[in-house]
Amino acid sequence: MDAALGFLPDAAVRCREFRIGCIGAGFIMADVHLASYAEAGFSVVAIASRTEAKAAEVAQRWGIPAVHATPQALIEDPNIEILDIAFPPDQQPALIRHALKQPHIKAILAQKPLAMDCVEARALAADARAAGKLLSVNQNMRFDQSMRVLKQIMDRGALGTPVIATIEMRAVPHWQPFLQAYDRLTLLNMSIHHLDVLRFLLGDPTEIYTAARPDPRTQFKHRDGIAVSTLQFPSGAIAVSMEDVWTGPRDPDFKSDSYIKWRLEGTEGVAQGTIGWPDYPHGSPSTLRYASKSATGGEWVEPRWNTRWFPQAFAGVMEQLQYAVKTGEQPLLNVDDNVKTMALIDAAYRSLEQKRAVQLSEFGA
């Protein structure tokens, strides 16, 4: 990274002193959360999953000293101070509510999506407030290095007033088998990254219009395979988020390309880039280049870094919660803000069902 530009693509580790207990032993926990925590020097003291054998396997891989037979047993372990959950969204609320009852648990990092809908998300936020506990939601794209630097460029005023933003995804995510049982697929589980990061960059939208179709290349029943959402903001800015999560025929002999591209245009400049995670597990950093009338004299400048969204950005997610526990401040990824993202998802589904633009005010957001 060119330090002279003064950007901070990765969040500083200001706090690493709390003991973490992890629930889940699938890909996102075993290959991403725990990899980033080990690199950052965080203290992971226990793990549990749906099967004790799987949890034990991951514990051995990462040197975690305690394995619990069930998630409930881990939650009740008095050695745990921060609970990190990577569990299906239909099962996560019950674990959160059990953790809120434990006096030794200071804070909870929940996986996104927080719940299956906005009603349950809002109820969980109220439960956390009543319990006096910090509840944070793992909207980790906000910690992707290109998104962090883009926000810093915008905060400096280098792009002027935002005019239009686009995110175009043609990549296959890690679809967990449990998603096949839900009636909500891409919007709830993939678009949520992009819709949340658009809120992070541009503020809360006033309305959303979503069109979607089932993807004929997928073998299980679903209604929102490929999705396109258009958002309008109070400033007049508009944004488009498009998710094609199968990107061509799924055939080993078909050489499909995969990518995620983004672009943001303002009255004073333009920024554009790519998201690196589709290269996983080989890995490449996300990219960003920008041109600004005031900051770069209209020339294109390309800040660079070596870290990646998967796994390094996840350290920032856990760090922001540890720092909040230490200082008494609200975490950056606080649950009340996430309720607004969940309202946006529900509004997208209502738009899909009713074939109209939906006001966020319909969901109290």
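The values are calculated or read from the model by the stated rules, or taken from the named source; none is laboratory data. Fair warning: this is a prediction, and the values are worked out from it, not measured in the lab. Please note: Cβ atoms are built from the backbone with ideal geometry, for glycine as well, and neighbour counts cover all protein chains shown.
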If we keep only residues of the range 257-297 that are at pLDDT below 90 and acidic (Asp, Glu), then the residue surrounded by the most Cβ atoms within 10 Å (Cβ to Cβ) is Asp279
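Do we have Glu299 as in contact with a His (Cβ under 8 Å, 6 or more places away or on another chain) and charged (D, E, K, R) here?
Values: in contact with a His (Cβ under 8 Å, 6 or more places away or on another chain): no; charged (D, E, K, R): yes.
No, not satisfied.
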Of the conditions (1) under 14 Å from Pro9 (Cα atoms); (2) of a type in the set (Val, Ile, Thr); (3) part of a helix (DSSP H, G or I), Thr307 clears all except one; give me its number.
(3)
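Okay, residues lined up against (1) in contact (Cβ under 8 Å) with a residue 24 or more places away in the chain; (2) surrounded by fewer than 23 Cβ atoms within 10 Å (Cβ to Cβ):
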| residue | (1), (2) |
| --- | --- |
| Ser36 | yes, no |
| Ala56 | no, yes |
| Arg61 | yes, yes |
| Leu74 | yes, no |
| Asp90 | yes, yes |
| His98 | yes, yes |
| Leu114 | yes, no |
Among the residues of the range 235-256, is there at least one that is surrounded by fewer than 16 Cβ atoms within 10 Å (Cβ to Cβ), among the aromatic types (Phe, Trp, Tyr) and out of contact with any His (no Cβ under 6 Å at 6 or more places or on another chain)?
yes
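Look through the range 320-365, keep the residues that are among the basic types (Lys, Arg) and part of a helix (DSSP H, G or I), and return whichever of them is farthest from Pro113 (Cα to Cα).
As a first pass, look at the range 320-365 and keep what is among the basic types (Lys, Arg): 326, 340, 350, 355-356.
Keeping just the survivors that are part of a helix (DSSP H, G or I) gives 326, 340, 350.
Values: Lys326: 26, Lys340: 12, Arg350: 17 Å.
Applying the filter and picking the extreme gives Lys326.
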Any idea how many residues of the range 39-54 are of a type outside the set (Phe, Trp, Tyr), within 26 Å of Cys15 (Cα to Cα) and buried (at least 16 other Cβ atoms within 10 Å of the Cβ)?
6
What's the number of the only condition in (1) assigned to a loop (DSSP other than H, G, I, E, B); (2) under 18 Å from Asp244 (Cα atoms) that Asn189 fails to meet?
(1)
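Taking the conditions exactly as written (closer than 16 Å to Met141 by Cα and either of a type in the set (Ser, Thr, Tyr) or in contact with a Ser or Thr (Cβ under 6 Å, 6 or more places away or on another chain) (or both)), does Leu352 satisfy them or not? Can you show your working first?
Numbers: closer than 16 Å to Met141 by Cα: no; either of a type in the set (Ser, Thr, Tyr) or in contact with a Ser or Thr (Cβ under 6 Å, 6 or more places away or on another chain) (or both): yes.
So Leu352 fails the test.
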Which condition number in (1) buried (at least 19 other Cβ atoms within 10 Å of the Cβ); (2) within 30 Å of Arg289 (Cα to Cα) is the one that Gly21 fails?
(2)
Between residues in the range 7-25 that are free of Cβ contacts under 8 Å to residues at least 40 places away in the same chain and assigned to a loop (DSSP other than H, G, I, E, B) and residues that are buried (at least 16 other Cβ atoms within 10 Å of the Cβ) and of a type in the set (Ser, Thr, Tyr), which pairs lie under 9 Å by C-beta distance while being six or more apart or on different chains?
Ala25/Ser49
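Listed here are the residues, each with its yes/no results for (1) in contact with a helix residue (DSSP H, G or I) (Cβ under 7 Å, 6 or more places away or on another chain); (2) assigned by TED's automatic domain parsing to the domain that holds Ala30.
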residue: Ala126; (1), (2): no, yes
residue: Gly132; (1), (2): no, yes
residue: Ala158; (1), (2): no, no
residue: Ile164; (1), (2): no, no
residue: Arg170; (1), (2): no, no
residue: Pro173; (1), (2): yes, no
residue: Pro177; (1), (2): no, no
